[in-house]
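Some notes on the structure that comes next.
The values are calculated or read from the model by the stated rules, or taken from the named source; none is laboratory data. If you're wondering where the values come from, they're calculated on a predicted model, not measured in any experiment. Here the Cβ positions follow ideal geometry from the backbone for every residue, glycine too, while neighbour counts run over all protein chains shown. Ligands, DNA and RNA are stripped out before the accessible areas are found, and what is left, the full protein with its side chains, is counted by its heavy atoms. Shrake-Rupley method; radii C 1.70, N 1.55, O 1.52, S 1.80 Å.
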Amino acid sequence: MFTLAHISDPHLAPLPAVRWSELIGKRITGYLNWERRRRFIHSAAALELVTADLKRQSPDHTVVTGDIANIGLPAEFTRGREWLEELGPARDVSFVPGNHDIYVRDAFANAARQWGTYMHDDDGRTAFPYVRRRENLALIGVSTGVPTAPLLATGFIGTRQLVELAAALNKLKVERVFRVIMIHHPPLTSAPRHKRLLDAAVLMRVIAEHGAELLVHGHDHRHMVNWLNGPNGSRLPAVGVPSASAIPNAEHDSAAYNLYRIGGEAGAWTCEIESRGLDHSGQVVQQKRLKLIG
């Protein structure tokens, strides 16, 4: 049995000290949004409780599906590296960026410099999609983070990544491993268009043709399970989690993470999911448990 933890959208709080010279372009709208709304949602204390509980579960590997940062300030990447290091060493933690991580054009260079060891394949290649093999699992990291105009939170994979993803899924199917796609934006969502993955339809066609066993994502800050079509009438779950720093509030899902317990073998996989998160008393508890596969 392999235990995979999935945590997302920590949106590290509070924002670092900001110089007015840094608030140009999209950052100014992001900063105002943080001051007016988001700083009342994301809590360092909530994130600390959730990550401490995750570490007590001793998963075999942890996946972080984006949005460590908020508005792409250089200091956010340094602090993000420190948070990743607290979560675990790069061999045991895999990361894919979200739209807030690649908020502006210079953000990807900062992310690669500070977080690169958490988003490369087993040979040290830092390019998306990357593949990491852990026991009978293959973790496939896909990036949807691209700079966008103010007030947009869309994602985009692009042709090169999708072609390479298809090839990787085919190769890994022959190896008879449990294939986990890690991505920030969900392929299926009820979110408005300005927050969606723009080439989601192409991604779903790739999965329908080449298959996978599980897709994990963040972005919508909600508990989500959608079912995607795979080859020959098969289906696979696409599972999202809330923001890992969201305070308990009736208007949104509170901070949580998922544990996937994966067993079996090709043709007879099993996968059970346990969601753990903050209740309204501020304690981390089991919120639900269900069988996804098998």
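Provide the packing ranking of 110-118, 201-209, i.e. peptides ordered by the mean count of other C-beta atoms within 10 Å per residue, highest first.
Numbers: 110-118: 19.1, 201-209: 16.4.
Result, highest mean Cβ count within 10 Å first: 110-118, 201-209.
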**Fill in**
Heavy-atom accessible area of H223, protein chains in place, probe 1.4 angstrom, given in Å² to nearest 10, is 50
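Per the Kirkwood formula on distinct C-alpha pairs, the Rh of segment 106-250 is how many angstrom? Numbers along the way, then the final one.
Numbers: mean 1/r = 0.0626 Å⁻¹.
In segment 106-250 this quantity evaluates to 16.0 Å.
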**Prompt:** With labels modelled as points extended 7 Å from the Cα through the Cβ direction, what inter-label distance (nm, one decimal) is found for A266 paired with R133?
**Reply:** 1.2
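Using a 1.4 Å probe and counting only protein heavy atoms, arrange T270, T51 so the residue with the most accessible area comes first. Let's see the in-between values first.
On the way: T270 50, T51 20 Å².
Reading off the accessible areas and sorting them downward yields T270, T51.
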**Message:** Below 14 Å, Cα to Cα, which aspartates and glutamates can K55 reach? Residues fewer than 8 away in the same chain don't count.
**Reply:** E85, E86, D92
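Relative contact order of the chain, please, whole-number percent, based on alpha carbon pairs below 8 angstrom and at least 6 residues apart. Before the final figure, lay out each step's value.
Working: 682 pairs, mean separation 59.2, N = 294.
20 percent.
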**Prompt:** If you plug each phi of segment 126-135 into the Karplus form 6.51 cos²θ - 1.76 cosθ + 1.60 with θ = phi - 60°, what whole-Hz ³J(HN,Hα) values come out, in order, with x for Gly and Pro?
**Reply:** 9, 7, 9, x, 10, 10, 10, 9, 9, 6
**Request:** Just order 173-181, 241-249 by mean Cβ neighbour count inside 10 Å, highest at the front, would you?
**Result:** 241-249, 173-181
**Asked** Gap in Å between the Cα centre of segment 68-141 and the Cα centre of segment 1-50?
**Response** 16
**Message:** 7 Å from Cα along Cα→Cβ at both K55 and A75: what's the point-to-point distance in nm?
**Reply:** 2.4
**Message:** Give the lysines whose C-alpha is closer than 25 Å to that of K26, dropping any in the same chain fewer than 8 places away, or say none.
**Reply:** K195
**Message:** Please list 3J(HN,Hα) in residue order for segment 281-287, calculated via the Karplus relation 6.51 cos²θ - 1.76 cosθ + 1.60 where θ = phi - 60°; whole Hz, with x for glycine and proline.
**Reply:** 8, x, 9, 8, 9, 6, 9
**Asked** To the nearest 10 degrees, how steeply does helix 44-56 sit against the main Cα axis of the chain, on a 0 to 90 scale?
**Response** 30
**Complete:** With a 1.4 angstrom probe the carbon and sulfur portion of accessible area for the chain, in percent, totals 52
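Nearest 500 deg cm²/dmol is fine: what mean residue ellipticity at 222 nm does the chain get from its DSSP H runs of n ≥ 4 alone, each adding -39,500 (n - 2.57), divided by its residue count? Walk me through the intermediate numbers first.
Details: 6 runs with 75 residues, N = 294.
Counting only the DSSP helices, I get -8000 deg cm²/dmol.
How much accessible area per residue does segment 79-191 have, counting only protein heavy atoms and a probe of 1.4 Å, in square angstrom? Before the final figure, lay out the partial values.
Numbers: 4630 Å² over 113 residues.
The answer is 41 Å² per residue.
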**Message:** Placing unit charges on C-beta atoms (Lys and Arg positive, Asp and Glu negative, everything else neutral), compute the dipole magnitude of the chain about its Cα centre in debye, rounded to 20.
**Reply:** 500
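Protein chains only, probe 1.4 Å: how do V225, V163, V131, V64 rank by accessible area, largest first? Each step should come with its number before you reach the end.
Numbers: V225 55, V163 95, V131 30, V64 0 Å².
Sorted descending by solvent-accessible area, the residues read V163, V225, V131, V64.
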**Fill in**
Scalar couplings 3J(HN,Hα) for segment 210-221 by Karplus 6.51 cos²θ - 1.76 cosθ + 1.60 (θ = phi - 60°), nearest whole Hz, x for Gly and Pro, are 10, x, 5, 9, 7, 10, 10, 8, x, 6, 7, 6
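Please calculate how many Å² of accessible area segment 10-68 carries per residue, with a 1.4 Å probe and no DNA, RNA or ligand atoms counted.
Values: 2910 Å² over 59 residues.
Computed with neighbouring chains in place, this is 49 Å² per residue.
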**Sequence ranges 25-32, 230-237, ranked by mean other-Cβ count within 10 angstrom, highest first** = 25-32, 230-237
